[in-house]
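I have placed the structure first, in the form of structure tokens, so that the comments after it can refer back to it.
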Amino acid sequence: MGNDGNFVTQARPRLLVVDDQPTNIQVLYQILANDYQVLMATSGKQALALCENKQPDLILLDLIMPDMDGYEVCQRLKKNTATKDIPIIFITAQTDESAEEKGLDLGAVDFISKPINPRIVRARVKTHLMLKAQSDLLRSWAYLDGLTGVHNRRYFDEHLNVEMGRAIRNNSAMSLVMLDVDFFKRYNDRYGHQAGDDCLRRVANSLKNSLMRPGDHIARYGGEEFVCLLPETGFAGAMQLAEQIRKEIIGQQIEHADSSVAPFVTVSLGIGTKPENIAGNASALMHLADTQLYKAKEFGRHRIFGAELNTSGKS
Ligand code: GH3
Ligand code: MG
């Protein structure tokens, strides 16, 4: 995965061929370049960097290389959450079974022996790319909310930690916006559960329409509660966005005759911000946004409250 939950393989799969001998790379390139985008690396170090930045769909990895051998490259890729799901096929002149066993134990999916047989290489690459595409698809489903199509809580929880780590490393700001539909129980009671589901879809769409940056994440956190994760966004920016969301939702004029705040569906929002240069942690930020949401409810609903970590509350 590694990037914004976009797990689905691109139209032309991307392979990475790693070998310290350029002539070996050349041979594989000629076999595969017609069908795939082929990236090349001549050392383990180069391979690791390419994997993080370019996210290949499959790696053909030479076992014996100077400096860092194929086993070590494999081990490092498997340890890194950003690269652990990329399948690895070892290419080796070694015929001894224990080498193969060790490679498979380290998480490689297959072994191909040199000298290269083009038909075998093509067939195995095709098979493993198909398996990868299937598992990418399953993984993406496991992270989606079936009703609204936005990410689910599981995805959010994992991403919150990753983004918080990044924000701390870069000393950058980061905000959460938590949102809860006002008087939603009454909405269901009056209009029925089916209409309630439609309403949640429309709320999710409003969020999608309001969040413009590619790094922003939206997730359905619970029944009628959503959360937006906004990397590199300070308090003022989050406030502005929350206001836009609030307006967008009331602007849809979804009739809600039993609401005590408006004739339409409204939402309450709570913001938590980790400011620049202040170390935060994911659960403290989550707790802050949640407390602010609670305040927004308490002070009348259809409003926004927010606060920054380590500073006093603001609204
Ligand atoms: P408040 O303004 O304080 O948030 O009141 P509320 O009625 O929105 O909050 P409450 O927590 O009392 O009720 C939430 C309701 O949301 C109850 C539950 O039946 C409904 N709900 C939760 N998930 C779904 C869902 O997936 N579909 C539908 N239609 N309703 C849901
Ligand atoms: Mg509610």
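The values are calculated or read from the model by the stated rules, or taken from the named source; none is laboratory data. As the structure is a computational prediction, the values presented were derived from the model and not from experiment. For neighbour counting, all protein chains shown are included, and Cβ atoms are generated from backbone atoms with ideal geometry for every residue, glycine included. Quick note on the areas: whole protein, heavy atoms, side chains included, nothing else; ligands and nucleic acids left out. Shrake-Rupley method; radii C 1.70, N 1.55, O 1.52, S 1.80 Å.
What ranking do 199-211, 21-33 get when scored by the average of other Cβ atoms within 10 Å per residue, highest first? Walk me through the intermediate numbers first.
Working: 199-211: 19.0, 21-33: 15.2.
With the highest mean Cβ count within 10 Å placed first, the list reads 199-211, 21-33.
Which one, 33, 80, 118, is farthest towards the positive end of the dipole of segment 14-142 when Lys and Arg carry +1 and Asp and Glu -1 on their Cβ?
Farthest towards the positive pole: 33.
Using the heavy atoms of the protein chains and a 1.4 angstrom probe, tell me the accessible area per residue for segment 14-142 in square angstrom. Present the calculation step by step, with values, prior to reporting the outcome.
Numbers: 6730 Å² over 129 residues.
For segment 14-142, the solvent-accessible area averages 52 Å² per residue.
Please list, or write none, the lysines whose alpha carbon is within less than 18 Å of the alpha carbon of residue 78, excluding same-chain residues fewer than 8 places away.
By straight Cα distance, residue 78 reaches 45, 54, 102, 132.
Probe radius 1.4 Å, ligands and nucleic acids ignored: give me the carbon and sulfur share of the accessible area of segment 153-308 as a rounded percent.
Percent of accessible area from carbon and sulfur atoms in segment 153-308: 48.
What whole-number distance in Å separates the alpha-carbon centres of segment 155-178 and segment 194-224?
Between the Cα centres of segment 155-178 and segment 194-224 lies a distance of 19 Å.
Treat every Asp and Glu Cβ in segment 153-308 as -1 and every Lys and Arg Cβ as +1, leave all other atoms uncharged, and give the resulting dipole magnitude about the Cα centre to the nearest 20 debye. Working shown, then result.
On the way: 19 positive and 20 negative charges, 13 e Å.
For segment 153-308, the charge dipole is close to 60 debye.
Could you calculate the FRET efficiency of residue 255 with residue 287 from 1/(1 + (r/R0)^6), where r is the beta carbon distance between them and R0 is 41 Å, rounded to 0.05?
Values: r = 34 Å, r/R0 = 0.84.
Using R0 = 41 Å, I get an efficiency of 0.75.
Using the basic label-point model (7 angstrom from Cα toward the beta carbon), what is the residue 126 to residue 157 distance in nanometres?
Result: 4.1 nm between the two label points.
Pull out a ≥ b ≥ c, the square roots of the eigenvalues of the alpha-carbon gyration tensor of segment 14-142, then state rounded if a/c is under 1.5, prolate if not and a/b is larger than b/c, and oblate in the remaining case.
On the way: a/c = 1.33, a/b = 1.18, b/c = 1.13.
Rounded.
What dipole magnitude, in Debye to the nearest 20, does segment 14-142 give about its Cα centre under +1 on Lys/Arg Cβ and -1 on Asp/Glu Cβ?
About 500 debye.
Could you work out the relative contact order of the chain, using alpha carbon pairs under 8 angstrom and six or more residues apart, expressed as a whole percent? The partial results should precede the final answer.
Working: 556 pairs, mean separation 43.7, N = 315.
Value for the chain: 14 percent.
If you count only protein heavy atoms with a 1.4 Å probe, what accessible area per residue comes out for segment 153-308, rounded to a whole Å²? Please report the intermediate quantities before stating the final value.
Details: 6990 Å² over 156 residues.
Roughly 45 Å² per residue, with all protein chains present.
Taking a cut-off of 30 Å between Cα atoms, list the lysines near residue 185, but don't count ones fewer than 8 places away on the same chain.
By straight Cα distance, residue 185 reaches 208, 247, 295, 297, 314.
If one takes the longest principal axis of the Cα atoms in the chain, at what angle in degrees, from 0 to 90 and to the nearest 10, does the Cα axis of helix 22-32 lie?
Helix 22-32 and the main axis of the chain meet at about 60 degrees.
Mind checking the dipole of the chain: about its Cα centre, +1 per Lys or Arg Cβ, -1 per Asp or Glu Cβ, Debye to the nearest 20?
Taking the Cα centre of the chain as origin, the dipole is about 620 debye.
With a 1.4 Å probe and every protein chain left in place, tell me how much accessible area residue 20 has, in Å² to the nearest 10.
40
Please turn the phi angles of segment 255-265 into ³J(HN,Hα) values with the Karplus equation 6.51 cos²θ - 1.76 cosθ + 1.60 (θ = phi - 60°), one per residue in order, whole Hz, x for glycine and proline.
Along segment 255-265, the couplings run 4, 9, 5, 9, 6, 8, 9, 6, x, 10, 5 Hz.
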